[in-house]
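The values are calculated or read from the model by the stated rules, or taken from the named source; none is laboratory data. Since we're looking at a predicted model, the values are computed, not measured. A quick note on method: Cβ atoms are made from the backbone with ideal geometry, for glycine too, and the neighbour counts reach across all protein chains shown.
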Amino acid sequence: MCALALIRLQIAHLRELNKTRPVNSYINHSKTMTDDIIYQYTKSRKQQSKLYIRMGVFCWVYVAGLYAYEFYSGQTVQEDFRLAILIAFPVSSLLLFLVAWWHVSHSAIYEAIITREKFTVNYPDHSPWSFNVNVQDIKRFENRQELSHAGKGIMQHGILLKDGRFFHISMNYGNSIKDMYKAIKSINKEVTFSSKVNKKAHGPGINRDYES
């Protein structure tokens with residue numbers, strides 16, 4: 001689990017806003033302009049670093065658990081298993097602490113905002129995962145995956161527009177795509193979110209595109 005966290009690290013650089021905690025909220029509407037916001041989620045890299053710190057600490061908890069088991073039980077676990085824990089977890093912990101340090105030293109912020117007219121996502125320094133679209137142009141939320149002779153591709157989650165464009169919504173910062181869907185659905189009743197995975201397949205004798 002510790003090592004898998006590193007795969008999800010995305011390189012980013014933006015200025016961090018003055019936020020003390022992530023914001024994930026629905027706002028009741030009135031006549032003021034600020035109430036035009038239906039959904040807002042923000043999280044800084046400094047806040048995200050706490051996740052990696054906790055995971056790094058838990059790596060040492062597993063190591064301590066091993067020693068505690070051997071001490072109180074009077075038994076020694078299998079050498080290959082013991083060696084794996086004593087090497088893999090400390091190394092993973094070091095890498096996780098380095099990732100946390102990088103997040104703190106390279107300040108930036110993830111932000112997703114939904115108003116009655118716009119759905120905007122600003123992913124730090126990664127334009128393919130940032131977008132600004134009209135709510136009424138959204139056809140549906142969906143999960144999609146590409147298949148080939150080499151196997152299954154990475155699952156993507158995002159929005160499909162009526163003109164056929166697809167925008168991936170990364171959840172690296174702990175945001176919920178289901179909450180985003182609920183917010184959009186409250187404005188555009190025609191938007192759907194099926195549990196079915198939209199698949200694209202290509203290979204010898206196969207050439208199937210995503211369903212539009």
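Quick check: is even one residue across the range 165-181 within 17 Å of Lys43 (Cβ to Cβ), among the β-branched types (Val, Ile, Thr), touching a residue at least 12 places away in the same chain (Cβ under 8 Å) and surrounded by fewer than 16 Cβ atoms within 10 Å (Cβ to Cβ)?
Among the residues of the range 165-181, not one is within 17 Å of Lys43 (Cβ to Cβ), among the β-branched types (Val, Ile, Thr), touching a residue at least 12 places away in the same chain (Cβ under 8 Å) and surrounded by fewer than 16 Cβ atoms within 10 Å (Cβ to Cβ), which makes the answer no.
Return the only residue of Lys196, Lys185, Lys200 being surrounded by fewer than 17 Cβ atoms within 10 Å (Cβ to Cβ), modelled with pLDDT of 95 or more and of a type outside the set (Ser, Thr, Tyr). Spell out the reasoning first.
Details: Lys196 fails: modelled with pLDDT of 95 or more; Lys200 fails: modelled with pLDDT of 95 or more.
Testing whether each residue is surrounded by fewer than 17 Cβ atoms within 10 Å (Cβ to Cβ), modelled with pLDDT of 95 or more and of a type outside the set (Ser, Thr, Tyr) leaves just Lys185.
Being free of Cβ contacts under 8 Å to residues at least 24 places away in the same chain, part of a helix (DSSP H, G or I) and more than 24 Å from Ser194 (Cβ to Cβ), is that true of even one residue in the range 150-157? If you could, list the steps in order and put the result at the bottom.
Let us first name the residues in the range 150-157 that are free of Cβ contacts under 8 Å to residues at least 24 places away in the same chain, namely 150-154, 156-157.
So of that shortlist, the ones also part of a helix (DSSP H, G or I) come out as none.
No.
State the number of residues belonging to the range 134-145 that are more than 17 Å from the chain's Cα centre (by Cα), buried (at least 16 other Cβ atoms within 10 Å of the Cβ) and not in a helix (DSSP H, G or I).
So the count comes out to 3.
Which condition breaks for Lys118 when tested against (1) of a type outside the set (Gly, Ala, Ser); (2) at pLDDT 95 or above; (3) over 16 Å from Ile38 (Cβ atoms)?
Just one mismatch for Lys118, condition (3).
Report, by residue number, each residue of the range 78-98 that is touching a Phe, Trp or Tyr at 6+ places or on another chain (Cβ under 7 Å) and free of Cβ contacts under 8 Å to residues at least 40 places away in the same chain.
Ile85
Based on this model, can you work out whether Phe193 counts as farther than 16 Å from Asn134 by Cα and either touching a Lys or Arg at 6+ places or on another chain (Cβ under 8 Å) or of a type in the set (Lys, Arg) (or both)? Before you say what the answer is, go through the steps one by one.
Numbers: farther than 16 Å from Asn134 by Cα: yes; either touching a Lys or Arg at 6+ places or on another chain (Cβ under 8 Å) or of a type in the set (Lys, Arg) (or both): yes.
So Phe193 fits the description; yes.
Only residues that are in contact with a Lys or Arg (Cβ under 7 Å, 6 or more places away or on another chain) and either surrounded by 21 or more Cβ atoms within 10 Å (Cβ to Cβ) or part of a strand (DSSP E or B) (or both): list them for the range 84-107, please. Write out each step before concluding.
Taking the range 84-107 first, the residues in contact with a Lys or Arg (Cβ under 7 Å, 6 or more places away or on another chain) are 103-104, 106-107.
Within the range 84-107, just His103 meets the criteria.
When you scan the range 40-60, how many residues do you find that are in contact (Cβ under 8 Å) with a residue 40 or more places away in the chain, in a helix (DSSP H, G or I) and aromatic (Phe, Trp, Tyr)?
Final tally of qualifying residues: 2.
Does the range 177-212 hold any residues that are assigned to a loop (DSSP other than H, G, I, E, B) and more than 14 Å from Gln156 (Cα to Cα), and which are they? Give the steps one after another, and end with the answer.
Residues of the range 177-212 that are assigned to a loop (DSSP other than H, G, I, E, B), as a first pass: 186-191, 204-205, 209-212.
The answer is Ser186, Ile187, Asn188, Lys189, Glu190, Val191, Pro204, Gly205, Asp209, Glu211, Ser212.
Is it true that Phe119 is in contact (Cβ under 8 Å) with a residue 40 or more places away in the chain, closer than 28 Å to Ser107 by Cβ, part of a strand (DSSP E or B) and not hydroxyl-bearing (Ser, Thr, Tyr)? Steps first, please.
Numbers: in contact (Cβ under 8 Å) with a residue 40 or more places away in the chain: yes; closer than 28 Å to Ser107 by Cβ: yes; part of a strand (DSSP E or B): yes; not hydroxyl-bearing (Ser, Thr, Tyr): yes.
When the stated conditions are applied, Phe119 passes them.
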